[in-house]
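S.K.: Can you keep this structure in mind? I'll have questions shortly.
The values are calculated or read from the model by the stated rules, or taken from the named source; none is laboratory data. Note that this is a predicted model, so its numbers are computed, not measured. With ideal geometry, Cβ positions are generated from the backbone for all residues, glycine too; neighbour counts draw on all protein chains shown.
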Amino acid sequence: MLKINKESILYTVIVLTVISSGIALLLAIINSVTSPVIAKKNLEEKGNAIQSIYTDYISFESTKTEVKNAEELYIVSHGDTTDYCVLVSPSGFGGEIQMMVGVTGDLKISGVEIVSMSETAGVGTKIKNADFLSQFIGLQVNKISTDVDVISGATVSSTAAKVGVETALDAVSEYLKAGDNG
């Protein structure tokens, strides 16, 4: 029989393996409990962003999109109209800026909402202001870069927002060209 004393490397390996396995099991249990809650909260945040763009929306459903940097494309029914919302995450100064962009069927911006971001407080976070976001409403492809002013001191953040809106327009345009819209 193998005798293991407390000074042995094998004893240390066994103890660390038991501790690591216990921690891994605990993390797996915590993840299984919290992941549905997190998923529900994320869906609520997306729904809130869509609702702030289309206040009269009846329903929204996710569809697949293959456009670079467009994470999700939603078909939004409101009134007698069907429009689109695209979740994009362009890179800003402090990391990704998760945005929901509303796009009409004739490829005009109907609204932009910032879902989450880690931009510098008081500087980059200015892109959440209604004055900045309202510049996008009604714009079409090729008008974003010329008709939207960047925020002084937050050039990277506001440029990222412009890129996100352009990406959303591209996603809806490609979706409509593919004929997947019914």
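S.K.: Do we have any residue at all in region 122-135 that's crowded, with 23+ Cβ neighbours inside 10 Å, at pLDDT below 90 and of a type outside the set (G, A, S)?
M.R.: Checked against the condition, which is being crowded, with 23+ Cβ neighbours inside 10 Å, at pLDDT below 90 and of a type outside the set (G, A, S), region 122-135 yields at least one hit.
S.K.: Look through T167, T155 and report the one residue that is within 15 Å of M99 (Cβ to Cβ), polar (S, T, N, Q) and at pLDDT 75 or above.
M.R.: Details: T155 fails: within 15 Å of M99 (Cβ to Cβ).
Checking each option against the conditions leaves just T167.
S.K.: I'd like to verify a number: residues in region 85-119 that are hydroxyl-bearing (S, T, Y) and within 9 Å of the chain's Cα centre (by Cα), how many?
M.R.: 2
S.K.: Search region 49-65 for residues being free of Cβ contacts under 8 Å to residues at least 24 places away in the same chain and not hydroxyl-bearing (S, T, Y), and hand back the single one that is surrounded by the most Cβ atoms within 10 Å (Cβ to Cβ).
M.R.: Among them, the one singled out is Q51.
S.K.: Quick check on this structure: which one of I127, I75 is touching a residue at least 24 places away in the same chain (Cβ under 8 Å) and in a helix (DSSP H, G or I)?
M.R.: None of the other options fit; the residue is I127.
S.K.: Spot the failing condition for D106; the list is (1) of a type in the set (D, E, K, R); (2) over 23 Å from A121 (Cα atoms); (3) in a helix (DSSP H, G or I), and only one is missed.
M.R.: (3)
S.K.: Which of the following residues is hydroxyl-bearing (S, T, Y), assigned to a loop (DSSP other than H, G, I, E, B) and out of contact with any Pro (no Cβ under 6 Å at 6 or more places or on another chain): S152, S158, S134?
M.R.: The unique qualifying residue is S152.
S.K.: Consider only pairs whose beta carbons are under 6 Å apart and that are at least six residues apart or on different chains; among these, list those whose first residue lies in region 151-174 and is more than 23 Å from E72 (Cβ to Cβ) and without any contact (Cβ under 8 Å) to a residue 40 or more places away in the chain and whose second residue is in a helix (DSSP H, G or I) and among the polar types (S, T, N, Q).
M.R.: From region 151-174, the pairs are I151/S158.
S.K.: Moving to a separate point now. For L107, indicate whether it is in contact (Cβ under 8 Å) with a residue 60 or more places away in the chain, over 13 Å from G92 (Cα atoms) and touching a helix residue (DSSP H, G or I) at 6+ places or on another chain (Cβ under 9 Å).
M.R.: Considered against the rule, which asks whether it is in contact (Cβ under 8 Å) with a residue 60 or more places away in the chain, over 13 Å from G92 (Cα atoms) and touching a helix residue (DSSP H, G or I) at 6+ places or on another chain (Cβ under 9 Å), L107 comes out as yes.
S.K.: Since I19 meets every condition but one in (1) closer than 18 Å to I137 by Cβ; (2) not in a loop (DSSP other than H, G, I, E, B); (3) not aromatic (F, W, Y), which condition does it not meet?
M.R.: With respect to (1) closer than 18 Å to I137 by Cβ; (2) not in a loop (DSSP other than H, G, I, E, B); (3) not aromatic (F, W, Y), I19 is out only on (1).
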